[in-house]
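Any read-out appearing in this document is the output of simple, stated calculations on the displayed coordinates, not a laboratory observation. Owing to the predicted nature of the structure, the values given are computational and were not obtained by experimental measurement. Every residue, glycine as well, gets a Cβ built from its backbone with ideal geometry; the counts of neighbours run over all protein chains shown.
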């Protein structure tokens, strides 16, 4: 994996409201293949949340338990199969 894995990352700096607690972990993938590799190594029961531009997103002060995938400026498109 070549992306960046952040632990207890404050989400306020990623949202347009500039509020919100930390993500248990946040992954910033380097690209498509890197994201696939990262997702494959996560436990099956891991909660995954996708963060795009961060607008219209309100995160509670208690944060998010699980993994946040931050794709802003990293992936141009995403197709779910």
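Between the Cα long axis of helix 32-41 and the first principal axis of the chain there is an angle of about 80°, rounded to the nearest 10.
From helices alone, the chain scores -3500 deg cm²/dmol at 222 nm; the rule is -39500 (n - 2.57) for each run of n ≥ 4 DSSP H residues, then divide by the residue total.
Maximal additional length on extending the residue 61-residue 76 stretch stands at 2.4 nm, based on 0.36 nm per residue less the C-alpha distance. Highest mean packing comes first when the peptides 71-81, 31-41 are listed by Cβ atoms within 10 Å, giving 31-41, 71-81. Simple spin-label estimate for residue 33 and residue 6 gives 2.6 nm between the two label positions (7 Å along the Cα-to-Cβ direction from each Cα).
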